[in-house]
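Note sheet for the following structure.
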Amino acid sequence: MTDTWMIIKSLAESLSSLSDYPPEQVMLGQALKLAEESGEVAEAVIGVLGMNPRKGRSHTLEQVHAEACDAAVTALILIARTGADPEAVFTRHLRYLSGRHLTGG
């Protein structure tokens with residue numbers, strides 16, 4: 001197990017240890033957190049492109065990268081907090097994706 005996966009599992013365990021909610025609500029809360037993080041990615045991309053006329057170019061590509069990383073980590077923590085092994089799930093899904101054709105096959 002690499003440091004990355006140990007960190008993901010440690011973060012998930014830490015968050016779970018602070019929660020008194022039942023598993024279903026933990027999963028819901030983590031999914032909502034992922035939605036929040038996705039919104040922050042979108043906000044950063046809008047800021048890089050200057051698509052908000054009130055704010056102009058308000059973000060950098062580095063901020064987009066950081067927000068995307070936050071979303072990715074949050075998604076992996078969601079997997080871990082459902083009791084699954086995030087490394088195994090991610091690796092299996094990545095193999096599935098690599099086997100698909102871009103044409104939808």
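What follows is calculated from the coordinates using simple rules that are stated; it is not laboratory data. The structure displayed is predicted, hence computed values, not measured ones. Here Cβ is always computed from backbone atoms with ideal geometry, including for glycine, and neighbour counts include all displayed protein chains.
Say R0 is 30 Å: what FRET efficiency, to the nearest 0.05, do Ser58 and Ala35 get from their beta-carbon distance?
Details: r = 21 Å, r/R0 = 0.71.
Plugging the Cβ-Cβ distance into 1/(1 + (r/R0)^6) gives 0.90.
Could you work out [θ]222 nm for the chain from helices alone, using -39500 (n - 2.57) per DSSP H run of at least four and dividing by all its residues? Round to the nearest 500 deg cm²/dmol. Let's see the in-between values first.
Numbers: 4 runs with 77 residues, N = 105.
That comes out to -25000 deg cm²/dmol.
What's the local net charge at Thr74, with K and R +1, D and E -1, over the other residues with C-beta under 12 Å away? Write down the numbers at each step before the final one.
Numbers: positive: Lys33, Arg81; negative: Glu36, Glu37, Glu40, Glu67, Asp70.
So the surrounding residues net to -3.
Between Ser98, Ser38, Ala80, the Cα set farthest toward the positive side of the dipole of the chain (charges on each charged residue's Cβ, about the Cα centre) is that of Ser98. Among the chymotrypsin sites (Phe, Trp or Tyr not before Pro) found in the stretch 1-98, not one is both in a DSSP coil and sparsely packed, with 10 or fewer other Cβ atoms within 10 Å of its Cβ. Exposure proxy shown here: for Leu34, Leu76, Leu18, the number of other Cβ atoms within 10 Å sets the order, fewest to most, as Leu18, Leu34, Leu76.
Among Ser14, Ser98, Ser19, Ser38, sorting on how many other beta-carbon atoms sit within 10 Å of each Cβ, with the fewest leading, yields Ser98, Ser14, Ser19, Ser38.
Each Lys or Arg adds one and each Asp or Glu takes one away; over the other residues whose Cβ falls under 15 Å from the Cβ of Leu32, this sums to -3. A run of the chain free of exposed loop cleavage sites, with trypsin sites (Lys or Arg not before Pro) counted only in DSSP states other than H, G, I, E and B and at most 12 other beta carbons within 10 Å, reaches its longest extent at 1-53. For the chain, what log10 I(q)/I(0) values come out of the Debye formula at q = 0.16, 0.20 1/Å, with one point per alpha carbon and no solvent? Normalising to I(0) and taking log10 leaves -0.85, -1.03.
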